[in-house]
1. Tell me yes or no: at least one residue of the range 294-315 is more than 21 Å from R492 (Cα to Cα), assigned to a loop (DSSP other than H, G, I, E, B) and out of contact with any helix residue (DSSP H, G or I) (no Cβ under 7 Å at 6 or more places or on another chain).
2. Please work out which one of (1) under 10 Å from the mean Cα position of the chain (by Cα); (2) within 10 Å of the ligand (Cβ to nearest atom) is the condition G191 fails and give its number.
3. Only residues in the range 217-244 that are under 14 Å from T189 (Cα atoms) count as the first member; pair them with residues that are surrounded by fewer than 24 Cβ atoms within 10 Å (Cβ to Cβ) and of a type in the set (S, T, Y), Cβ under 7 angstrom, at least 6 apart or cross-chain, and list the lot.
4. May I ask you to list the residues in the range 208-224 that are in contact with a Phe, Trp or Tyr (Cβ under 7 Å, 6 or more places away or on another chain) and more than 11 Å from A9 (Cα to Cα)?
5. Go through the range 405-441 and give me each residue that's part of a helix (DSSP H, G or I) and farther than 24 Å from I266 by Cα.
6. Identify, please: which residue in the range 29-45 is closer than 12 Å to N124 by Cβ and not aliphatic (A, V, I, L, M) and is, among those, surrounded by the fewest Cβ atoms within 10 Å (Cβ to Cβ)?
7. Considering G461, G423, which residue is in contact with an Asp or Glu (Cβ under 8 Å, 6 or more places away or on another chain), at pLDDT 95 or above and away from the ligand (no atom under 15 Å from the Cβ)?
8. Would the range 319-334 turn up any residue that is at pLDDT 95 or above, farther than 30 Å from G99 by Cα, touching an Asp or Glu at 6+ places or on another chain (Cβ under 9 Å) and of a type in the set (A, V, I, L, M)?
Amino acid sequence: MGDWLRSTAAELADALAAGETTSVEVTRAYLDRIAAVDPAVHAFLHVDADGALAQAAASDERRAAGTLLSPLDGVPIAVKDVLTTAGLPTTCGSRILEGWVPPYDATVVRRLREAGLPILGKTNMDEFAMGSSTEHSAYGPTHNPWDLDRIPGGSGGGSAAAVAAFEAPLAIGTDTGGSIRQPGAVTGTVGVKPTYGGVSRYGLVALANSLDQAGPVTRTVLDAALLHEVIGGHDPLDSTSIDQPLPALVEAARQGATGDLSGLRIGVVTELSATGGQGGWQSGVMSRFQESVDLLVEAGAEVVEVSCPTFVHALATYYLILPAEASSNLAKFDAMRYGLRVWPEEGASAEDVMRATRDAGFGDEVKRRIILGTYALSSGYYDAYYGQAQKVRTLIARDFDAAFEKADVLVSPTAPTTAFRLGEKLDDPIAMYLNDLATIPANLAGVPGISVPSGLADEDGLPTGFQVLAPALADDRLYRVGAALEAALTARWGGPLLDRAPALEGGAA
Ligand code: GLN
């Protein structure tokens, strides 16, 4: 493995600034790593080697001329295949978009380009971001770098696995119900879902508009803050974008890393853990969680128990609102405008073509949710299901408001278990949905959340994550607490957790 692969993005930025390496050298090291391990990991759907190297060369020229675009200029990145990239395929993990090349960049992608980050390629995902394991990708699953027989989480398993397998120092994910945070937890990486409206959704192919947010997938909390500052902030092209400056995220991460959390109140949410929640919480996940809470107390934080009784309805609420929005969003894939077109027979009507295309182009999970969503929105059922779910959503937001009166941040384990085996939950949608028990409330309320690696579960030696949630627009608190926890844990481990991932040593496992 080349020298630069294990460096964090912040370290790469420093090495570039010190003239110790070049963006071309770093980018080439990552492309070589992708060529070596991605046949086994399958984090990428598309690698743009030529494009990335050209962007890296341009960055090196800017550096020589003293016209750098941002602190991350020259540091390469991978992008989840749900964000449009001009001139590069965007499939959303679906057959229906196979071969589609968007004519425009998503705002997040444009900001990456404007900040000078070479784009390595597009990462694998569950079809249209529906899933928790990447097994719903039409192009085959991604494998967890900790154990290639296990899932890397989802829907953004490709972005998380790319970062965990040292195929990219940074990646972009999207989180509608946990798709940045849960893959982070099960791969030992950091994932952030920003405040709703904090990062533009323009060019993010919508799963559920009122829940979707793009955010950073990284190896450290500081890297996430650096990336968040590049992609965040107001965008007139997204009507739900918040017209307000971002808080000082990098500063918060640096402050947190000093390890002083005195004066901070941390709320442990009863309903998001083994004590008061639903679902099967793995004991190794709970013990790592408790240890992390103890470390935060050692750093000076005060811990309070908070109860959010409506959170037990979050999953049911989400699985009405999400399919409703998704069924409407996916209606645009009609065989006329984008991607795949299937002609069932000569002289087929437009409707026949549409039916045949949608039948061949969408996978089972997508069809399941379209059916659920159209049902929940149909006249006669709308009030009973969709309308009711919206009311519960309001109650969940109120529970957050009340909890944030008692605590500055809320914490829980990110996901109830470590990575399960590929195939284990594929035929049981409800078991799959339960992975997002602890992450979904944040999406329903629009508040930001981070998942930070909290160690390895004793039973299976696999990574588990610690979730921190903050009030809307207080994303800086995630970075302060996340960096403090990371500093304490890294000191205890004697180095980064990812250094212990067995499947990665010496290249392809
Ligand atoms: N796993 C959740 C789902 O299947 C979340 C997906 C997401 O965040 N994109 O809907």
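1. no
2. Just one mismatch for G191, condition (2).
3. R219/T8; T220/T8; D223/T8
4. Selection gives Q213 alone.
5. We begin by selecting, within the range 405-441, every residue part of a helix (DSSP H, G or I); these are 405-406, 429-436, 440-441.
Once the filter is applied, which keeps residues that are part of a helix (DSSP H, G or I) and farther than 24 Å from I266 by Cα, the range 405-441 yields P429, I430, A431, M432, Y433, L434.
6. Going through the range 29-45, the residues closer than 12 Å to N124 by Cβ turn out to be 38, 41-45.
Filter once more, so that each one left must be not aliphatic (A, V, I, L, M): 38, 42, 44.
On the way: D38: 21, H42: 23, F44: 24.
Per the stated criteria, the residue is D38.
7. On the way: G461 fails: in contact with an Asp or Glu (Cβ under 8 Å, 6 or more places away or on another chain).
Exactly one residue qualifies, and that residue is G423.
8. There is no residue in the range 319-334 that is at pLDDT 95 or above, farther than 30 Å from G99 by Cα, touching an Asp or Glu at 6+ places or on another chain (Cβ under 9 Å) and of a type in the set (A, V, I, L, M).
The values are calculated or read from the model by the stated rules, or taken from the named source; none is laboratory data. All values derive from a computational prediction rather than experimental measurement. Note: ideal-geometry Cβ built from the backbone for every residue, glycine included; neighbour counts use all protein chains shown. What goes into the accessible areas is simple: the full protein's heavy atoms, side chains included, and nothing from ligands, DNA or RNA. Shrake-Rupley method; radii C 1.70, N 1.55, O 1.52, S 1.80 Å.
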